[in-house]
1. Through the Karplus equation 6.51 cos²θ - 1.76 cosθ + 1.60, θ set to phi - 60°, convert the phi angles of segment 29-46 into ³J(HN,Hα) values in whole Hz; use x for Gly and Pro.
2. What does the extension gain come out to for Lys25 and Asn86, with contour length at 0.36 nm per residue minus their alpha carbon separation?
3. Once you place label points 7 Å from the Cα toward the Cβ at Arg46 and Val105, how far apart are they in nm?
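Just so it is clear, none of the values below were taken in a lab; they were calculated from the coordinates. Because the structure is predicted, anything quoted here is derived from the model rather than measured. Backbone-built Cβ (ideal geometry, glycine too); neighbour counts: all protein chains shown.
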Amino acid sequence: MFLLRNGAIIHNFLGNEHTFRASVKKCFAGLDADRDGYISFAEMARELMSLRMLKTSLGVDGIALSHVEFRELHRDIFAGFDREGNSVVGLEEFEEEMRVMLKAVAGCLSLSEEKQKRAKI
């Protein structure tokens, strides 16, 4: 498994507009199961559940979420993407939120890199 340890990789990806947009478009198409040009809550929740990323990550620290809490977590994630508040996510909204999320991940990785460098000194 490939583990990203360098925030610069993500910044470079975001800086290459053509590559970033092509990647986002492909991801969006994969989530838009009914091919209507929008991602619904059900489509996004289905993908989040299939990845089991949240449940696995939360389970590592012994945090147990009820079904209702888990569904609310999915709703919160969806709300971050649904910037227009119309209960569907269009490609532009999806791209904007992916950019924000990836910048946040890059920032966290960069902070982690700084901590590691200071620890070696």
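1. 4, x, 7, 7, 4, 8, 6, 8, x, 9, 9, 8, 4, 4, 5, 5, 4, 4
2. 19.9 nm
3. Output for this residue pair reads 2.3 nm.
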